[in-house]
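This report concerns only the one structure given below.
Nothing in this text is a laboratory measurement; each read-out follows from the coordinates by a stated rule. These numbers were taken from a predicted model, which means no experiment stands behind them. In this analysis, Cβ positions are derived from the backbone assuming ideal geometry, glycine residues included, and neighbour counts consider all displayed protein chains.
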């Protein structure tokens, strides 16, 4: 926060985040809170875990996020939900 | 497997005489049914003749993202069907279940298994495994965003196809209401070479012009379909269709490189159809 100048990719990530929050505003209140919490945990987790220089992965996540946002914007979609999967070694 | 049996029968005759004299077979005519024993460093199968071939396959996992890599797999061609898709399925079944690729019909009609095999775009189910000791490199379609391993993001390609409105559009109702709109055999013959397109994206992803402008240039596949609807005698919106693509970027990024005609696994010629559209535009 408060970095000197944001790079193009950082601006894209922020605009995607804003897009999600705006889409959440158009949903009913309880779902809105859930969407906001899922989206913000996802973004915060990735910002810590993903290397800043790993452009390929960041672009992949941006494309994935844009697709999910387009789906969310549709009026038929009511809410987001997320499931945590733990990889087990069998 | 039938091919394995046939290989065994033919192989009883020693065919080593012809090995030196034989030219490197072209991809389309390789037979894969000889009984050569290859001196491979890893050793062959359990005591029988085995023909090992190395496949280098592009791997990238979004769950453990790092740099994409080419991973080597050795396959005994005796135990495997003749096509690259057979090898991929065998690798996935026996060696590495995490290998990800699209496939459906296994007969070259659905277009799902389009990928880049040894530098050329094609369908894995129609491309024979090239005989010989050389390694086969399999990578996803070039200049496409990779979702995982050999699976690419085709949404841009499909949106471009959608944008040309690939359905019959009429202004007047049919001459006999409730019945088919009739078309002469000659008019139907005009559509040959265009209706067979399976939207595999081999042509568009082989076009350098499409590599440099994937969002603005429609690409050979979409333009082939645009021509299919423009040439359809039953369609009455020809003028509007031509105007819709009469654009510096949508149509005229084509510089008749003609990689598309080389790449098409169904033998179509999108370049020729694009030239037809350009002639109509004049």
Along principal axes, largest first, the alpha-carbon spread of the range B:96-173 in whole Å comes out as 62, 24, 23
When only Cα pairs under 8 Å and 6 or more residues apart are kept, what is the percent relative contact order across the range B:78-127?
-> 36 percent
For the range B:52-152, just the Cα set please: Rg and Dmax, both in angstrom.
-> 12.7, 36
Packing-based exposure ordering (other Cβ within 10 Å, fewest first) of B:225, B:276 = B:276, B:225
When the gyration tensor of the range B:198-256 is built from Cα positions, what are the square roots of 5 times its three eigenvalues, in whole Å, from largest to smallest?
-> 22, 14, 7
Which whole-number percentage describes the relative contact order of chain A, with Cα contacts under 8 Å and a sequence gap of 6 or more?
-> 37 percent
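For the range B:138-236, compute the orientation-averaged projected area of the C-alpha convex hull (one quarter of its surface), in nm². The partial results should precede the final answer.
On the way: hull surface 32.0 nm².
Mean projected area for the range B:138-236: 8.0 nm², to one decimal.
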With label points set 7 Å from each Cα along the Cα-to-Cβ direction at residue B:244 and residue A:17, the distance between them in nm comes to 4.0 nm
Specify, per residue and in Å³, the volume enclosed by the convex hull of the alpha carbon atoms belonging to the range A:17-73.
-> 63 Å³
Packing-ranked peptide list from B:226-233, B:131-138, highest mean Cβ count within 10 angstrom first, is B:226-233, B:131-138
Ranking of A:11, B:179, B:78 by count of other Cβ atoms within 10 Å, fewest first = B:179, A:11, B:78
Just for the Cα atoms in the protein assembly as shown, what are the lengths along the principal axes, largest first, rounded to whole Å?
-> 75, 63, 43
